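The values are calculated or read from the model by the stated rules, or taken from the named source; none is laboratory data. These numbers were taken from a predicted model, which means no experiment stands behind them. Don't worry about glycine lacking a Cβ; one is built from the backbone with ideal geometry, like all the others, and counts go over all protein chains shown.
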Amino acid sequence: MLPLVRTTLISLVSAITVILIANQLYKGPEPCTRSDSVIHAWTIGTSIAKPPVEYFFNLFLAHSSTTIGSSQSKASMAWRCSGRTNAELISNLFKAHLITSERVKTSMTSVDRAHYCRDSSASAAYEDSPQSIGYSATISAPHMHASAAESLLPYMPENKGARVLDVGSGSGYLTHVLANLVCGADGTGDGKVVGIDHIEGLTNMALNNMRKSEEGRRLLDSGKVEFITGDGRKGYEAAGPYDAIHVGAAARELHEELVKQLKAPGRMFIPVEDTEDRGMWGAQYIWVVDKDETGKVVKKRDMGVRYVPLTDAPQ
């Protein structure tokens, strides 16, 4: 027990030292630095402190011995693939094998993340980390959006009328990416994506953000993308059932109403709080929920993450 306490204290002292030095030395995000020991520790949901403290604290985490989650695949590695431009950011994610599909690469490249960040400067928008978008919410780190898109991809064929629900759509970034996947990068294919958020200010923000690009305006004006203000835990039955459901906030449980709105076959990607795991990170895990052609549901726990909670709208 004593050696463990000693190691923990040394790690904490090291962290403080790194943060203090960071304030003097920070010059911007570094592309594609790697650690094999911690997964997605900085995909945190609460308001994010701006660099340098947040950046270098994450860098410390990436080089510490802390292991979060139990994924044995690419999710067992933490990456930082920041870029100076949107294209460079996505290219770095692809080189790091966090994006493996050309369709996901093309779809994310065609959506400028700066349009969806409150701080649209290159040092923030193209950093592989979450960013605050107001309302105590964040836009998730790009590597997490890539993970979600890759996971749901087999259930989102292009131009085949696929229907997708994005719960906790926030500033609208991933909603736009998902629309590109089912409607094509030019937005002219057959498909439908619904973004739902319980905060009206975020719904309005998402609409305004999508209208910053010609492709986004086309998707909205054609009705292929729709933003709804509502309780995402209940889904949005009016536009279902859905081939794929993405949930961008941590649920307290696997909500059965969402499972019911999945097509057969269909897949849901959802972070869920683990009430039995009381680790220092407050244990949340991605669950991949598959429904087969017969309606049988299979649930698989994947990587450990940090998201804002899926909650009621603020009063």
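For the range 173-192, the set of residues classified as surrounded by 24 or more Cβ atoms within 10 Å (Cβ to Cβ) and in a strand (DSSP E or B) consists of 191 only. Residues of the range 110-129 include at least one that is of a type in the set (Asp, Glu), more than 27 Å from residue 266 (Cβ to Cβ) and more than 16 Å from the chain's Cα centre (by Cα).
So which of 232, 216, 223, 248 ends up being under 21 Å from the mean Cα position of the chain (by Cα) and modelled with pLDDT of 95 or more? Walk me through it before giving the result.
Numbers: 232 fails: modelled with pLDDT of 95 or more; 223 fails: under 21 Å from the mean Cα position of the chain (by Cα); 248 fails: modelled with pLDDT of 95 or more.
Exactly one of 232, 216, 223, 248 is under 21 Å from the mean Cα position of the chain (by Cα) and modelled with pLDDT of 95 or more, namely 216.
Here the range 271-304 is the region considered, the condition is being over 21 Å from residue 235 (Cβ atoms) and β-branched (Val, Ile, Thr), and the residue that is modelled with the highest pLDDT is 294.
Quick check: anything in the range 239-247 closer than 15 Å to residue 137 by Cβ and in contact (Cβ under 8 Å) with a residue 24 or more places away in the chain? Let's see the steps before the verdict.
Of all residues in the range 239-247, those closer than 15 Å to residue 137 by Cβ come to 247.
Still in the running and in contact (Cβ under 8 Å) with a residue 24 or more places away in the chain: 247.
There is at least one residue in the range 239-247 that is closer than 15 Å to residue 137 by Cβ and in contact (Cβ under 8 Å) with a residue 24 or more places away in the chain.
Condition test on residue 159, is it surrounded by fewer than 17 Cβ atoms within 10 Å (Cβ to Cβ), more than 14 Å from residue 117 (Cα to Cα) and either in contact with a strand residue (DSSP E or B) (Cβ under 8 Å, 6 or more places away or on another chain) or modelled with pLDDT of 95 or more (or both)? The answer is yes for residue 159.
Select, from 170, 195, 216, 223, the only residue that is assigned to a loop (DSSP other than H, G, I, E, B) and crowded, with 20+ Cβ neighbours inside 10 Å.
Values: 195 fails: assigned to a loop (DSSP other than H, G, I, E, B); 216 fails: assigned to a loop (DSSP other than H, G, I, E, B); 223 fails: crowded, with 20+ Cβ neighbours inside 10 Å.
None of the other options fit; the residue is 170.
State yes or no: is residue 152 part of a helix (DSSP H, G or I) and touching a strand residue (DSSP E or B) at 6+ places or on another chain (Cβ under 9 Å)? Judged against the criteria, residue 152 is a match. Within the range 251-270, if we keep just the residues that are of a type in the set (A, V, I, L, M, F, W, C) and part of a strand (DSSP E or B), the residue that is modelled with the lowest pLDDT turns out to be 251.
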